[in-house]
Structure formats: structure tokens, C-alpha cells
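These notes concern the structure reproduced below.
The values are calculated or read from the model by the stated rules, or taken from the named source; none is laboratory data. This structure is a prediction, so every number in the text was calculated from the model and none was measured. A quick note on method: Cβ atoms are made from the backbone with ideal geometry, for glycine too, and the neighbour counts reach across all protein chains shown.
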Amino acid sequence: FVAVVSDLDGTLLDAEPLYEKAAQAVVSKYGKNYNHELILEVMGKAEAVGAQIIVEKLEVPLTPEQFLEERDKYLLDYFRKELKPIQGSVAVMAHLKKKMWFKNSNSYKLKKTIFRS
């Protein structure tokens with residue numbers, strides 16, 4: 001093979017808990033809880049769709065875009081401080097020694113932070 005294409009979240013990085021933590025940080029400002037049921041409803045959806053669901057279900061006084069902007073501020077901080085590769089993923093990438101492309105729905109700013117971590 002010539003190259004490897006991989007997703008990031010759940011494959012190479014364990015970022016999902018940080019997304020949940022960031023979403024909770026935003027909604028808690030409004031006395032809301034990003035609960036497990038809502039997490040499951042949002043998981044796997046495009047960012048804009050997930051943000052729309054969160055804002056509507058929790059009746060948070062933000063637009064989906066504002067929610068994502070606020071969430072991303074927290075995520076940047078969490079990624080810098082807490083983001084870790086899934087055990088064994090670094091060894092696998094080193095072993096492959098091939099060109100790698102990563103698929104992820106994050107904004108460019110978040111991707112830059114991920115790859116600096």
C-alpha cells in the first residue's frame with residue numbers, strides 16, 4: 001500500500017471525553033447538563049447538527065454557531081493540556097512509515113492544536 005487514511009477520534013486519539021467536557025462547560029453557564037442521553041444523540045453527527053440539537057434540547061440561549069465557538073475555546077485549552085494518543089497508536093503509525101491522511105470534522109484551528117499535542 002502507498003498510504004494510510006485514518007479517522008482521529010477513537011482511533012488514534014481519545015478526544016471524545018474532551019468534547020463532552022467542553023460542551024458541559026458551555027451549557028453549565030446556563031444551568032444545563034449535557035447528559036448521557038443527549039451525548040448519544042449527538043455523537044457521530046456533523047458539528048453543526050450536533051450543536052443545533054444541543055441548543056434546542058437544552059434551550060441554551062445561543063445559536064449553534066455561538067455554541068461551537070464557545071465550545072472550541074474550551075476544546076483548544078483541553079487539547080493543549082489533556083489530549084493523549086490511544087495506547088499503541090503512536091507505535092502503529094511509526095511502524096507503518098507511510099504517508100498518512102487524517103479525516104476529522106474539526107475546524108482547522110483545532111486540527112493544528114491536535115497535531116501540536
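Any idea how many residues of the stretch 30-58 are under 13 Å from the mean Cα position of the chain (by Cα) and outside any loop (DSSP other than H, G, I, E, B)? Matching residues across the stretch 30-58 total 6. Criterion first (modelled with pLDDT under 95 and either among the aliphatic types (A, V, I, L, M) or part of a helix (DSSP H, G or I) (or both)) does L18 satisfy it? It is true that L18 is modelled with pLDDT under 95 and either among the aliphatic types (A, V, I, L, M) or part of a helix (DSSP H, G or I) (or both).
R116 fulfils the conditions (1) modelled with pLDDT of 95 or more; (2) more than 14 Å from the chain's Cα centre (by Cα) except for a single criterion, (1).
Table: residues versus (1) exposed (fewer than 15 other Cβ atoms within 10 Å of the Cβ); (2) modelled with pLDDT under 75.
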{"position": "L68", "(1), (2)": "no, no"}
{"position": "R80", "(1), (2)": "yes, no"}
{"position": "P85", "(1), (2)": "no, no"}
{"position": "G88", "(1), (2)": "yes, no"}
{"position": "A94", "(1), (2)": "yes, yes"}
{"position": "W101", "(1), (2)": "yes, yes"}
